[in-house]
Amino acid sequence: MRVRALRLVALAVLVGFLGACASSNSGSVYSRDEARKTQTVKTGVVESVRSVKLEGTKSPVGTVAGGAVGGIAGSSVGGGKGSIIAAVIGAVAGGLAGSAIEEGVTRKNAYEITVKLDGGNLVSIVQEADEQFAPGDRVRIVENGSTSRVSH
């Protein structure tokens, strides 16, 4: 029973760390570096909207946290050399699981929004699905060189 409680606590800590690692590709969230900088604004009409997925983050945090949890859980199995071997196997398995959990937890729904600009050109931008768009919507595209956002 003690091992099971330890695993549940470790999993809760891992999920908390992974949530803190999530980055935003939202059309409404700006980084501190983007504040107070001139941005170019283009206008146009939405041609199409397609649902897509933004892959989750793949930082070392998930692997390290999962490895630690797996190592701790594995070390509680057996005794002596068996405990050491179980800890190593648990750390490797936990690292792989932690990496996969991180990617899954931080994966987000997104839209690929194709816009016909007022000048006639077509552009497509992928961003988090935190604002609804439909064909025919009049929109603005805000660009700062490396980042573009679609908004109403």
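Peptides 89-100, 117-128 ordered by packing proxy, namely the average of other Cβ atoms within 10 Å per residue, highest first: 89-100, 117-128.
Taken over the range 87-152, the ratio of Cα radius of gyration to 2.2 N^0.38 Å equals 1.76.
Considering all C-alpha pairs of the range 33-152, those separated by over 19 Å amount to 62%.
Only the coordinates and a few stated rules stand behind these numbers; no lab work does. Bear in mind the structure is a predicted one, so any value in this text is a computation, not a measurement. As a convention, Cβ positions derive from the backbone with ideal geometry for all residues, glycine included, and neighbour counts pool all protein chains shown.
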